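The values are calculated or read from the model by the stated rules, or taken from the named source; none is laboratory data. What you see is a predicted model; the values in this text were computed from it and never measured. Cβ atoms come from the backbone with ideal geometry, glycine included; neighbour counts cover every protein chain shown. Please note that ligands, DNA and RNA were not included when accessible areas were found on the heavy atoms of the full protein model with its side chains. Shrake-Rupley method; radii C 1.70, N 1.55, O 1.52, S 1.80 Å.
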Amino acid sequence: MEYSRELIQEIIKKINLVEYIGQYVELKQRGKDYFGICPFHDDSDPSFSVSPEKNIWYCFGCGTGSTIIDFVMKYHKVKFPKAVEMLLDYLKLDVNNIKEEANIISFLKQFTYKKDLTQVEHKILPHDIMSKYIKKPIKEWLNEGIKQEVMDKYQVRYDKNANRAVFPIYDRYGNIINIKGRTLYPNYKDLGIPKYIYYYPLGCNDFLYGLPFKEDKIKELNEVIIVEGSKSVWKLEGWGVENVLSLETNRINEYQLRLLLELKCNVTVALDKGVLIKQIKKDFSKLCKFTNVYVMYDTEGLLEDKDAPCDKGKEVWDRLYSNKIKLR
Ligand code: ZN
(Lines give C-alpha, C1' and ligand atoms only; values in the text may rest on other atoms or scores of the structure.)
Protein backbone atom coordinates (compact mmCIF):
# COMPACT_ATOMS: atom_id res chain seq x y z
CA MET A 1 0.00 0.00 0.00
CA GLU A 2 1.13 3.53 -0.78
CA TYR A 3 0.73 5.88 2.15
CA SER A 4 -0.22 9.48 1.55
CA ARG A 5 1.38 12.49 3.15
CA GLU A 6 -1.85 13.21 4.98
CA LEU A 7 -1.89 9.79 6.59
CA ILE A 8 1.74 10.00 7.64
CA GLN A 9 1.17 13.42 9.12
CA GLU A 10 -1.89 12.18 10.99
CA ILE A 11 0.10 9.29 12.47
CA ILE A 12 2.94 11.58 13.51
CA LYS A 13 0.44 13.91 15.17
CA LYS A 14 -1.50 11.16 16.89
CA ILE A 15 1.31 9.22 18.51
CA ASN A 16 2.62 10.40 21.83
CA LEU A 17 6.36 10.35 21.18
CA VAL A 18 7.32 10.12 24.86
CA GLU A 19 4.99 7.17 25.43
CA TYR A 20 6.04 5.38 22.28
CA ILE A 21 9.80 5.83 22.65
CA GLY A 22 9.42 5.30 26.41
CA GLN A 23 8.64 1.67 25.66
CA TYR A 24 12.21 1.20 24.43
CA VAL A 25 14.27 3.94 26.06
CA GLU A 26 14.05 4.89 29.70
CA LEU A 27 13.24 8.58 29.60
CA LYS A 28 13.57 11.12 32.37
CA GLN A 29 12.07 14.58 32.19
CA ARG A 30 14.46 17.51 32.26
CA GLY A 31 12.73 20.83 31.70
CA LYS A 32 10.38 20.62 28.78
CA ASP A 33 12.19 17.66 27.20
CA TYR A 34 12.94 14.03 28.08
CA PHE A 35 16.35 12.39 28.08
CA GLY A 36 17.66 8.86 27.96
CA ILE A 37 20.53 6.66 26.84
CA CYS A 38 20.72 6.68 23.04
CA PRO A 39 19.87 3.32 21.52
CA PHE A 40 21.80 4.17 18.35
CA HIS A 41 25.29 4.80 19.63
CA ASP A 42 27.46 3.72 22.54
CA ASP A 43 26.09 6.26 24.98
CA SER A 44 27.14 6.63 28.60
CA ASP A 45 25.36 9.76 29.74
CA PRO A 46 21.87 10.39 28.44
CA SER A 47 22.28 12.33 25.22
CA PHE A 48 19.13 11.10 23.53
CA SER A 49 16.31 13.60 23.80
CA VAL A 50 12.62 13.70 23.02
CA SER A 51 10.80 16.98 22.62
CA PRO A 52 7.03 16.66 23.03
CA GLU A 53 6.71 20.30 22.03
CA LYS A 54 8.49 19.91 18.71
CA ASN A 55 7.31 16.30 18.39
CA ILE A 56 10.78 15.08 17.43
CA TRP A 57 13.61 13.06 18.94
CA TYR A 58 17.28 14.03 18.68
CA CYS A 59 20.56 12.62 19.91
CA PHE A 60 23.24 15.15 20.91
CA GLY A 61 25.83 12.36 20.86
CA CYS A 62 25.45 10.90 17.39
CA GLY A 63 23.47 13.68 15.82
CA THR A 64 20.59 11.56 14.62
CA GLY A 65 17.01 12.53 15.09
CA SER A 66 13.74 13.04 13.33
CA THR A 67 10.11 11.96 13.56
CA ILE A 68 8.50 8.89 15.10
CA ILE A 69 8.60 7.14 11.72
CA ASP A 70 12.37 7.44 11.53
CA PHE A 71 12.71 6.20 15.08
CA VAL A 72 10.69 3.08 14.27
CA MET A 73 12.69 2.45 11.08
CA LYS A 74 16.00 2.83 12.85
CA TYR A 75 15.09 1.09 16.08
CA HIS A 76 13.26 -1.88 14.60
CA LYS A 77 15.44 -1.92 11.48
CA VAL A 78 12.48 -1.85 9.12
CA LYS A 79 11.66 -0.03 5.90
CA PHE A 80 9.23 2.86 5.64
CA PRO A 81 6.01 0.94 4.82
CA LYS A 82 6.64 -1.55 7.61
CA ALA A 83 7.23 1.31 10.06
CA VAL A 84 3.91 2.87 9.08
CA GLU A 85 2.21 -0.47 9.53
CA MET A 86 3.78 -0.96 12.95
CA LEU A 87 2.59 2.45 14.04
CA LEU A 88 -0.93 1.77 12.80
CA ASP A 89 -0.79 -1.44 14.77
CA TYR A 90 0.38 0.50 17.82
CA LEU A 91 -2.65 2.73 17.33
CA LYS A 92 -4.74 -0.44 17.35
CA LEU A 93 -5.66 -0.02 13.70
CA ASP A 94 -5.49 -3.23 11.77
CA VAL A 95 -4.33 -2.19 8.36
CA ASN A 96 -5.70 -5.38 6.83
CA ASN A 97 -9.16 -4.60 8.09
CA ILE A 98 -9.16 -1.05 6.86
CA LYS A 99 -8.34 -1.26 3.19
CA GLU A 100 -9.13 2.25 2.17
CA GLU A 101 -6.63 4.75 3.31
CA ALA A 102 -9.29 7.44 3.59
CA ASN A 103 -10.92 5.35 6.25
CA ILE A 104 -7.71 5.00 8.19
CA ILE A 105 -7.42 8.76 8.15
CA SER A 106 -11.00 9.22 9.31
CA PHE A 107 -10.42 6.64 12.03
CA LEU A 108 -7.37 8.49 13.24
CA LYS A 109 -9.23 11.77 13.21
CA GLN A 110 -12.21 10.43 15.14
CA PHE A 111 -10.36 8.76 17.95
CA THR A 112 -8.08 10.10 20.55
CA TYR A 113 -5.65 7.30 21.10
CA LYS A 114 -5.26 6.24 24.68
CA LYS A 115 -2.18 4.40 25.73
CA ASP A 116 -2.91 0.75 26.34
CA LEU A 117 -2.22 0.88 30.03
CA THR A 118 -4.19 3.98 30.86
CA GLN A 119 -6.66 2.52 33.28
CA VAL A 120 -9.73 4.60 33.93
CA GLU A 121 -11.92 4.24 36.95
CA HIS A 122 -14.89 2.46 35.45
CA LYS A 123 -18.28 3.82 36.30
CA ILE A 124 -20.65 0.99 37.13
CA LEU A 125 -23.69 1.40 34.92
CA PRO A 126 -27.25 0.60 36.02
CA HIS A 127 -27.80 -3.17 35.87
CA ASP A 128 -30.90 -2.66 33.73
CA ILE A 129 -29.22 -0.30 31.28
CA MET A 130 -29.73 -2.70 28.37
CA SER A 131 -33.51 -2.32 28.66
CA LYS A 132 -33.05 0.95 26.78
CA TYR A 133 -32.36 -1.10 23.67
CA ILE A 134 -34.64 -3.32 21.62
CA LYS A 135 -34.75 -7.10 21.83
CA LYS A 136 -34.44 -8.05 18.23
CA PRO A 137 -32.66 -10.95 16.52
CA ILE A 138 -29.39 -9.81 14.98
CA LYS A 139 -29.65 -11.59 11.63
CA GLU A 140 -25.99 -11.06 10.72
CA TRP A 141 -24.82 -12.88 13.85
CA LEU A 142 -27.40 -15.64 13.66
CA ASN A 143 -26.14 -16.27 10.11
CA GLU A 144 -22.62 -16.58 11.46
CA GLY A 145 -23.82 -19.42 13.66
CA ILE A 146 -24.27 -17.67 16.98
CA LYS A 147 -27.28 -19.04 18.83
CA GLN A 148 -30.12 -16.75 19.85
CA GLU A 149 -30.25 -18.21 23.37
CA VAL A 150 -26.58 -17.36 23.85
CA MET A 151 -27.13 -13.81 22.59
CA ASP A 152 -30.04 -13.49 25.02
CA LYS A 153 -27.85 -14.62 27.88
CA TYR A 154 -25.25 -11.97 27.04
CA GLN A 155 -27.95 -9.32 26.55
CA VAL A 156 -27.26 -8.62 22.91
CA ARG A 157 -29.74 -5.92 21.86
CA TYR A 158 -30.37 -3.49 19.04
CA ASP A 159 -29.77 0.26 19.21
CA LYS A 160 -32.19 1.61 16.65
CA ASN A 161 -30.88 5.17 16.82
CA ALA A 162 -27.45 4.08 15.70
CA ASN A 163 -28.32 0.89 13.81
CA ARG A 164 -25.92 -1.05 15.98
CA ALA A 165 -25.98 -4.39 17.68
CA VAL A 166 -25.08 -3.62 21.29
CA PHE A 167 -24.01 -5.72 24.26
CA PRO A 168 -22.78 -4.95 27.77
CA ILE A 169 -19.19 -5.27 28.90
CA TYR A 170 -18.84 -6.64 32.41
CA ASP A 171 -16.04 -6.27 34.91
CA ARG A 172 -14.76 -9.40 36.61
CA TYR A 173 -17.52 -9.18 39.23
CA GLY A 174 -20.35 -8.99 36.72
CA ASN A 175 -21.02 -5.26 36.91
CA ILE A 176 -21.80 -3.58 33.61
CA ILE A 177 -19.02 -1.08 32.90
CA ASN A 178 -19.56 -0.32 29.25
CA ILE A 179 -21.64 -1.02 26.18
CA LYS A 180 -20.03 -2.11 22.97
CA GLY A 181 -21.74 -1.63 19.64
CA ARG A 182 -21.15 -3.10 16.19
CA THR A 183 -22.53 -1.13 13.28
CA LEU A 184 -25.01 -2.99 11.11
CA TYR A 185 -24.47 -0.75 8.11
CA PRO A 186 -22.81 -3.02 5.55
CA ASN A 187 -21.22 0.03 3.91
CA TYR A 188 -19.97 1.49 7.19
CA LYS A 189 -16.53 2.13 5.68
CA ASP A 190 -17.95 4.35 2.94
CA LEU A 191 -20.02 6.14 5.54
CA GLY A 192 -16.91 6.72 7.67
CA ILE A 193 -18.54 4.91 10.58
CA PRO A 194 -16.35 2.83 12.90
CA LYS A 195 -17.16 -0.88 12.94
CA TYR A 196 -17.08 -1.16 16.72
CA ILE A 197 -17.46 1.54 19.32
CA TYR A 198 -17.67 1.72 23.08
CA TYR A 199 -20.48 3.87 24.40
CA TYR A 200 -18.53 5.07 27.45
CA PRO A 201 -14.87 5.99 27.99
CA LEU A 202 -12.88 2.78 28.01
CA GLY A 203 -9.36 3.68 29.07
CA CYS A 204 -7.88 0.32 28.30
CA ASN A 205 -9.27 -3.18 27.93
CA ASP A 206 -8.65 -4.15 31.53
CA PHE A 207 -11.33 -6.84 31.43
CA LEU A 208 -11.57 -10.26 29.89
CA TYR A 209 -14.91 -10.55 28.18
CA GLY A 210 -17.06 -13.32 29.61
CA LEU A 211 -15.14 -13.79 32.87
CA PRO A 212 -18.02 -13.50 35.37
CA PHE A 213 -19.97 -16.10 33.38
CA LYS A 214 -17.13 -18.50 32.79
CA GLU A 215 -15.02 -18.52 35.90
CA ASP A 216 -16.51 -21.70 37.41
CA LYS A 217 -16.21 -23.65 34.16
CA ILE A 218 -12.62 -22.47 33.68
CA LYS A 219 -11.69 -23.62 37.18
CA GLU A 220 -13.44 -26.94 36.64
CA LEU A 221 -11.58 -27.61 33.37
CA ASN A 222 -8.34 -26.02 34.61
CA GLU A 223 -8.04 -24.26 31.28
CA VAL A 224 -8.96 -20.92 29.76
CA ILE A 225 -9.09 -20.37 26.00
CA ILE A 226 -8.35 -16.82 24.88
CA VAL A 227 -9.94 -15.51 21.69
CA GLU A 228 -10.06 -12.04 20.17
CA GLY A 229 -13.74 -11.22 20.07
CA SER A 230 -16.93 -11.71 22.02
CA LYS A 231 -18.57 -13.23 18.94
CA SER A 232 -16.17 -16.16 19.21
CA VAL A 233 -17.05 -16.53 22.90
CA TRP A 234 -20.74 -16.78 22.01
CA LYS A 235 -20.29 -19.06 19.05
CA LEU A 236 -18.13 -21.49 21.00
CA GLU A 237 -20.55 -21.47 23.90
CA GLY A 238 -23.23 -22.60 21.45
CA TRP A 239 -20.97 -25.56 20.61
CA GLY A 240 -20.54 -26.42 24.27
CA VAL A 241 -17.03 -24.93 24.53
CA GLU A 242 -17.58 -22.89 27.66
CA ASN A 243 -14.16 -21.99 29.02
CA VAL A 244 -13.53 -19.14 26.56
CA LEU A 245 -12.79 -15.47 27.22
CA SER A 246 -12.04 -12.70 24.76
CA LEU A 247 -9.56 -9.84 24.79
CA GLU A 248 -11.71 -7.61 22.53
CA THR A 249 -8.45 -6.73 20.79
CA ASN A 250 -5.54 -8.75 19.42
CA ARG A 251 -2.88 -7.66 21.88
CA ILE A 252 -3.17 -8.71 25.48
CA ASN A 253 -2.19 -6.03 27.99
CA GLU A 254 -0.75 -6.20 31.50
CA TYR A 255 -4.13 -5.95 33.18
CA GLN A 256 -5.52 -8.85 31.20
CA LEU A 257 -2.36 -10.88 31.84
CA ARG A 258 -2.87 -10.29 35.54
CA LEU A 259 -6.48 -11.48 35.34
CA LEU A 260 -5.28 -14.61 33.55
CA LEU A 261 -2.72 -15.29 36.26
CA GLU A 262 -5.42 -14.98 38.90
CA LEU A 263 -7.29 -17.82 37.24
CA LYS A 264 -4.31 -20.12 37.99
CA CYS A 265 -5.01 -22.49 35.13
CA ASN A 266 -3.62 -23.55 31.77
CA VAL A 267 -3.94 -20.96 29.02
CA THR A 268 -4.72 -21.70 25.38
CA VAL A 269 -4.35 -18.81 22.96
CA ALA A 270 -6.70 -18.90 19.96
CA LEU A 271 -6.33 -15.52 18.27
CA ASP A 272 -7.31 -14.69 14.70
CA LYS A 273 -5.23 -15.96 11.81
CA GLY A 274 -3.81 -12.49 11.09
CA VAL A 275 -1.92 -12.28 14.38
CA LEU A 276 1.71 -13.27 13.93
CA ILE A 277 3.02 -16.16 16.00
CA LYS A 278 5.98 -13.94 16.87
CA GLN A 279 3.60 -11.43 18.40
CA ILE A 280 1.70 -14.10 20.32
CA LYS A 281 4.96 -15.48 21.71
CA LYS A 282 6.11 -12.05 22.73
CA ASP A 283 2.82 -11.23 24.46
CA PHE A 284 2.04 -14.52 26.14
CA SER A 285 5.46 -15.97 26.94
CA LYS A 286 5.44 -13.82 30.09
CA LEU A 287 2.92 -16.32 31.44
CA CYS A 288 5.09 -19.37 30.78
CA LYS A 289 6.90 -18.96 34.08
CA PHE A 290 3.62 -19.41 35.91
CA THR A 291 1.52 -21.79 33.88
CA ASN A 292 1.32 -23.89 30.73
CA VAL A 293 0.58 -21.79 27.66
CA TYR A 294 -0.60 -23.34 24.41
CA VAL A 295 -1.17 -21.68 21.07
CA MET A 296 -3.68 -22.76 18.47
CA TYR A 297 -1.94 -21.91 15.26
CA ASP A 298 -3.16 -22.72 11.80
CA THR A 299 -0.21 -24.64 10.38
CA GLU A 300 -2.38 -26.59 7.94
CA GLY A 301 -3.97 -23.61 6.22
CA LEU A 302 -7.47 -24.43 7.41
CA LEU A 303 -8.37 -20.78 7.90
CA GLU A 304 -8.45 -17.79 5.61
CA ASP A 305 -6.46 -14.63 6.24
CA LYS A 306 -8.73 -12.84 8.66
CA ASP A 307 -10.53 -15.79 10.20
CA ALA A 308 -10.95 -16.47 13.86
CA PRO A 309 -10.24 -20.13 14.70
CA CYS A 310 -13.98 -20.80 15.07
CA ASP A 311 -14.96 -19.20 11.76
CA LYS A 312 -14.77 -22.38 9.70
CA GLY A 313 -16.99 -24.52 11.90
CA LYS A 314 -16.65 -26.90 14.81
CA GLU A 315 -14.59 -29.51 12.99
CA VAL A 316 -11.88 -27.06 12.01
CA TRP A 317 -11.93 -25.64 15.53
CA ASP A 318 -11.48 -29.11 17.02
CA ARG A 319 -8.63 -29.84 14.66
CA LEU A 320 -6.85 -26.59 15.47
CA TYR A 321 -7.39 -27.29 19.16
CA SER A 322 -5.92 -30.76 18.97
CA ASN A 323 -2.90 -29.37 17.04
CA LYS A 324 -2.13 -26.72 19.64
CA ILE A 325 1.51 -26.24 20.46
CA LYS A 326 3.08 -25.53 23.81
CA LEU A 327 4.77 -22.18 24.19
CA ARG A 328 8.13 -22.10 25.92
ZN1 ZN B 1 23.00 8.73 19.71
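What to note about this one:
- Working note: Cα gyration tensor of the stretch 191-268, eigenvalues times five, square-rooted, sorted largest first, giving semi-axes of 23, 16, 9 Å.
- Whole-Å distance, taken between Cα centres, linking the stretch 264-328 and the stretch 57-89: 31 Å
- Neighbourhood net charge (10 Å Cβ-Cβ; Lys/Arg +1, Asp/Glu -1) for K217: -4
- Cubic angstrom per residue, convex hull over Cα atoms of the chain: 158 Å³
- In the chain, the longest principal axis of the Cα atoms and the axis of helix 254-263 are about 40 degrees apart.
- A DSSP coil position with no more than 11 other Cβ atoms inside 10 Å describes none of the chymotrypsin sites (Phe, Trp or Tyr not before Pro) in the stretch 198-298.
- Angle between the chain longest axis and helix 211-221 axis [Cα atoms, degrees, rounded to 10]: 80 degrees
- With Cα atoms as the point set, the stretch 1-81 shows a radius of gyration and Dmax of 12.7, 40 Å.
- Within straight-line cross-link reach of K219, aspartates and glutamates at Cα separation under 17 Å, skipping those fewer than 8 residues along the same chain: E237, E242, E262
- Once the C-beta distance of K286 and K160 is scaled by a Förster radius of 41 Å, the resulting FRET efficiency is 0.40 to the nearest 0.05.
- Where only DSSP H runs of four or more residues are counted, the chain gives -9000 deg cm²/dmol as its mean residue ellipticity at 222 nm, each run worth -39500 (n - 2.57).
- Degrees separating the helix 101-110 axis from the principal Cα axis of the chain, which is the longest one: 90 degrees
- With 20 Å as the limit, the listed pairs K92/K217; K147/K314; K136/K314 have K92/K217; K136/K314 beyond it between alpha carbons.
- Antiparallel bridge percentage (DSSP; both residues within the chain; nearest 5): 75 percent
- Chain lengthening between E304 and R30 when straightened (0.36 nm per residue, less Cα-Cα): 93.7 nm
- In a DSSP loop and with at most 13 other Cβ atoms within 10 Å, the GluC sites (Glu not before Pro) in the stretch 226-307 are E300, E304.
- Probe 1.4 Å, protein heavy atoms only - accessible area per residue of the stretch 1-90 in square angstrom: 57 Å²
- Carbon + sulfur, % of accessible area of the stretch 131-243 - ligands and nucleic acids excluded, 1.4 Å: 48 percent
- Of L261, L247, L208, the one that fluctuates the most in a GNM where the chain has Cα springs shorter than 10 Å: L261
- Here, the stretch 236-328 yields an orientationally averaged convex hull projection of 5.8 nm² when only Cα atoms define the hull.
- Centre separation in Å (Cα based) which lies between the stretch 166-183 and the stretch 197-263: 12 Å
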